[in-house]
Amino acid sequence: MPPRLIEPVAPVDGRQSETALFIARGTRRYLRSLGFATLAEMPLRSGRRADLVALGQDGSIHIVEIKSSVADFRADAKWPEYRAHCDRLYFAVTAGMPLAILPEDAGLIVADAYGAGLVRQAPDHRLSPATRRMVTLQFAQLAAHRLHALSDPGVPC
């Protein structure tokens, strides 16, 4: 008997608004066009969870914090902690977000459900080799676990 094909569906855990999911999709499409592989909702060693982590072909690691509204941005003060886990930190928002409220020391991406564009490049703050290795291994293991879960739904990610 041939193997049964399972339709790949990204897990939705209910924490993200529809707007945030659209921003994530457009941002991931944009990053992929630049040669990055991305993972959504990646747990970090600090106990935080990054909205998007992007791994470049050169090994660079970018974290994108998605903000779906002004209230979402104002309610969240944890984003500076993500710098310890990436070379560049970005915010991704919708076109309707007032950009002046976003920190100047982070990159800025404006996105919708279909794509995104870079408004401001993030400053580069290179990770130490040990931290880069740790984050890269976390990224690879999480990606492999999620891929496995698509073909074996009983396995937890």
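The values are calculated or read from the model by the stated rules, or taken from the named source; none is laboratory data. Computed from a predicted structure; not experimentally measured. Cβ sites come from the backbone with ideal geometry, for glycine too, and all protein chains shown count toward neighbours.
Descriptive notes on the structure:
- Among residues of the range 45-73 being without any contact (Cβ under 8 Å) to a residue 12 or more places away in the chain and more than 13 Å from the chain's Cα centre (by Cα), the one that is nearest to residue 138 (Cα to Cα) is 47.
- Residue in the range 135-157 that is farthest from the chain's Cα centre (by Cα), counting only those that are of a type outside the set (Asp, Glu) and outside any helix (DSSP H, G or I): 154
- Residue 126 vs. criteria part of a helix (DSSP H, G or I) and among the basic types (Lys, Arg): no
Residue by residue, here is whether (1) surrounded by fewer than 21 Cβ atoms within 10 Å (Cβ to Cβ); (2) of a type in the set (D, E, K, R); (3) over 15 Å from the mean Cα position of the chain (by Cα) holds:
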site: 79; (1), (2), (3): yes, no, no
site: 85; (1), (2), (3): no, no, no
site: 91; (1), (2), (3): no, no, no
site: 100; (1), (2), (3): yes, no, yes
site: 108; (1), (2), (3): yes, no, no
site: 113; (1), (2), (3): yes, no, no
site: 121; (1), (2), (3): yes, no, yes
site: 124; (1), (2), (3): yes, yes, yes
site: 127; (1), (2), (3): yes, no, yes
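- Number of the condition not met by residue 132 [criteria: (1) part of a loop (DSSP other than H, G, I, E, B); (2) farther than 22 Å from residue 22 by Cα; (3) not polar (S, T, N, Q)]: (1)
- Selection status of residue 33, surrounded by fewer than 17 Cβ atoms within 10 Å (Cβ to Cβ) and modelled with pLDDT of 95 or more: yes
The rows are residues; the columns are (1) out of contact with any helix residue (DSSP H, G or I) (no Cβ under 8 Å at 6 or more places or on another chain); (2) at pLDDT below 95; (3) of a type in the set (A, V, I, L, M, F, W, C); (4) more than 29 Å from residue 156 (Cα to Cα).
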{"site": "42", "(1), (2), (3), (4)": "no, no, yes, no"}
{"site": "62", "(1), (2), (3), (4)": "no, no, no, no"}
{"site": "77", "(1), (2), (3), (4)": "yes, yes, yes, yes"}
{"site": "109", "(1), (2), (3), (4)": "no, no, yes, yes"}
{"site": "115", "(1), (2), (3), (4)": "no, no, no, yes"}
{"site": "124", "(1), (2), (3), (4)": "yes, no, no, yes"}
